[in-house]
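A.B. asks: Structure in structure tokens, see below.
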Amino acid sequence: MQIGFNLSSLIQKKEIKLIINEIFYSIQGESSRIGFPTIFIRLTGCPLRCSYCDTEYAFTEGEKMCIDSILNKIKQYPTKYVTVTGGEPLAQKECVLLLKRLCNYGYDVSLETSGAITVSNIDKRVKKIIDVKTPGSKEDDKNNFENFKYLTKNDEIKFVICDRTDYLWAKEKILEKKISDICDIIFSPVYKLLNSSDLANWILEDKLNVRLQLQLHKHLWGEQRGK
């Protein structure tokens, strides 16, 4: 009698785990889904260090969870909307599998990413929101503009604006990369750094076809964690 084992079968049965910083239920404060009750799954880790980062605690804090445990935890919340965020969620390669499983379970899934890591392998059902890094972030050299070719009309591109220099840079990039032909564009002022009315006036003066967006959750709860 021959005794052996199927290595590929064992690999398939291996439990996929991700390091999760937090899971919480709140009001979506950004994107076209602003205002909707949403489940947030925040993954640990990020290769970027943006000057205005408001989730530095997600760089290292977290615990390992298998995807089944994540799905079991979020089913208590009465909403179809799920946002996977970070840190930079795609820094964990298993995030791609999590996104797919969430879609398979019928959730309306959005991914918040810096765009520094490829989105070519993201499930087409996922709404991709790419946060293009401006000079004010001190991480603009990390932008991977190749990602734009994987975007659809369902996706969104966001520029977080620190100052007038960032605004002019973003306006130039919209023209250079023909972003208006790709998907919706969001301009968001850095909380407590740039006056939102200034940004609104610049957009109106230049007749830009972009959406001005404030971070609703911060206007509701300030910088309270898990909100």
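A.B. asks: Looking only at region 145-173, how many residues end up being aliphatic (A, V, I, L, M) and surrounded by 21 or more Cβ atoms within 10 Å (Cβ to Cβ)?
C.D. replies: Total satisfying the criteria: 4.
A.B. asks: Hey, Met65 hits all of (1) in a strand (DSSP E or B); (2) in contact with an Asp or Glu (Cβ under 8 Å, 6 or more places away or on another chain) but one; which does it fall short on?
C.D. replies: Of everything listed in (1) in a strand (DSSP E or B); (2) in contact with an Asp or Glu (Cβ under 8 Å, 6 or more places away or on another chain), Met65 misses just condition (2).
A.B. asks: Next question. For region 115-142, which residues satisfy the criterion of being in a loop (DSSP other than H, G, I, E, B) and of a type in the set (Ser, Thr, Tyr)? Lay out the reasoning, then the answer.
C.D. replies: Keep residues of region 115-142 that are in a loop (DSSP other than H, G, I, E, B), which gives 115-126, 133-134, 138-139.
Across region 115-142, the qualifying residues are Thr118, Ser120, Thr134.
A.B. asks: So which residues in region 193-218 are without any contact (Cβ under 8 Å) to a residue 24 or more places away in the chain, more than 19 Å from Pro135 (Cα to Cα) and surrounded by 13 or more Cβ atoms within 10 Å (Cβ to Cβ)?
C.D. replies: Across region 193-218, the qualifying residue is only Ala200.
A.B. asks: Considering region 13-24 alone, what residues qualify as being closer than 21 Å to Leu90 by Cα and either at pLDDT 95 or above or not β-branched (Val, Ile, Thr) (or both)? Spell out how you get there, then give the answer.
C.D. replies: We begin by selecting, within region 13-24, every residue closer than 21 Å to Leu90 by Cα; these are 14-24.
Hits for region 13-24 are Lys14, Glu15, Lys17, Leu18, Ile19, Ile20, Asn21, Glu22, Ile23, Phe24.
A.B. asks: Only one of Leu204, Leu194 is farther than 23 Å from Thr83 by Cβ and out of contact with any strand residue (DSSP E or B) (no Cβ under 7 Å at 6 or more places or on another chain). Can you tell me which? Give the derivation first.
C.D. replies: On the way: Leu194 fails: out of contact with any strand residue (DSSP E or B) (no Cβ under 7 Å at 6 or more places or on another chain).
When all the criteria are applied, what remains is Leu204.
A.B. asks: Something else now. Is it true that Tyr77 is surrounded by fewer than 19 Cβ atoms within 10 Å (Cβ to Cβ), within 18 Å of Gly226 (Cα to Cα) and in contact (Cβ under 8 Å) with a residue 60 or more places away in the chain? If you could, list the steps in order and put the result at the bottom.
C.D. replies: On the way: surrounded by fewer than 19 Cβ atoms within 10 Å (Cβ to Cβ): yes; within 18 Å of Gly226 (Cα to Cα): yes; in contact (Cβ under 8 Å) with a residue 60 or more places away in the chain: no.
Judged against the criteria, Tyr77 is not a match.
A.B. asks: Which of the following residues is in contact (Cβ under 8 Å) with a residue 12 or more places away in the chain and either within 11 Å of Ile39 (Cβ to Cβ) or not polar (S, T, N, Q) (or both): Lys100, Lys93? It would help to see each step written out before you state the result.
C.D. replies: On the way: Lys93 fails: in contact (Cβ under 8 Å) with a residue 12 or more places away in the chain.
Only one candidate passes the filter, namely Lys100.
A.B. asks: Let me ask something else. Quick one: is Glu112 more than 18 Å from Glu30 (Cβ to Cβ) and either assigned to a strand (DSSP E or B) or among the charged types (D, E, K, R) (or both)?
C.D. replies: Values: more than 18 Å from Glu30 (Cβ to Cβ): no; either assigned to a strand (DSSP E or B) or among the charged types (D, E, K, R) (or both): yes.
The answer is no for Glu112.
A.B. asks: What is the residue count in region 180-192 for residues that are part of a helix (DSSP H, G or I) and buried (at least 21 other Cβ atoms within 10 Å of the Cβ)? Explain how you work it out, then say what you get.
C.D. replies: Here is the first cut: in region 180-192, the residues part of a helix (DSSP H, G or I) are 180-181.
Adding the requirement that they be buried (at least 21 other Cβ atoms within 10 Å of the Cβ) leaves none.
The qualifying residues number 0.
A.B. asks: Follow-up. Within region 25-35, track down each residue that is part of a loop (DSSP other than H, G, I, E, B) and either closer than 13 Å to Glu88 by Cβ or out of contact with any Asp or Glu (no Cβ under 9 Å at 6 or more places or on another chain) (or both).
C.D. replies: Here is the first cut: in region 25-35, the residues part of a loop (DSSP other than H, G, I, E, B) are 28-35.
Across region 25-35, the qualifying residues are Gln28, Gly29, Ile34, Gly35.
A.B. asks: So, one more: Please pick out the residue among Thr83, Thr79 that is touching a strand residue (DSSP E or B) at 6+ places or on another chain (Cβ under 6 Å), among the β-branched types (Val, Ile, Thr) and in a loop (DSSP other than H, G, I, E, B). Explain how you work it out, then say what you get.
C.D. replies: On the way: Thr83 fails: in a loop (DSSP other than H, G, I, E, B).
Result of the check over Thr83, Thr79: Thr79.
A.B. asks: While we're looking at this one, here's another question. Just for region 193-220: of the residues that are outside any loop (DSSP other than H, G, I, E, B) and of a type in the set (D, E, K, R), which one is modelled with the lowest pLDDT? Steps first, answer last, please.
C.D. replies: As a first pass, look at region 193-220 and keep what is outside any loop (DSSP other than H, G, I, E, B): 196-206, 211-212, 216-220.
Right, trim to of a type in the set (D, E, K, R) and you get 198, 205-206, 211, 218.
Working: Asp198: 97, Glu205: 98, Asp206: 97, Arg211: 97, Lys218: 83.
The selected residue is Lys218.
A.B. asks: Any chance you could count how many residues in region 40-55 are of a type in the set (D, E, K, R), under 14 Å from Thr85 (Cβ atoms) and either modelled with pLDDT of 95 or more or in a helix (DSSP H, G or I) (or both)? Give the derivation first.
C.D. replies: Filtering region 40-55 down to residues of a type in the set (D, E, K, R) leaves 42, 49, 54.
When the remaining residues are screened for being under 14 Å from Thr85 (Cβ atoms), the result is 42, 54.
Those left that are additionally either modelled with pLDDT of 95 or more or in a helix (DSSP H, G or I) (or both): 42.
Residues that pass the stated criteria total 1.
A.B. asks: Could I ask something else about it? Return the residues of region 117-144 that are farther than 17 Å from Pro47 by Cα, surrounded by fewer than 15 Cβ atoms within 10 Å (Cβ to Cβ) and not charged (D, E, K, R); say none if nothing qualifies.
C.D. replies: Ser120, Asn121
The values are calculated or read from the model by the stated rules, or taken from the named source; none is laboratory data. It should be emphasised that the depicted structure is a prediction, and the values quoted were computed from it without experimental measurement. Because the Cβ atoms are built from the backbone with ideal geometry, glycine has one as well, and the counts that use them run over all protein chains shown.
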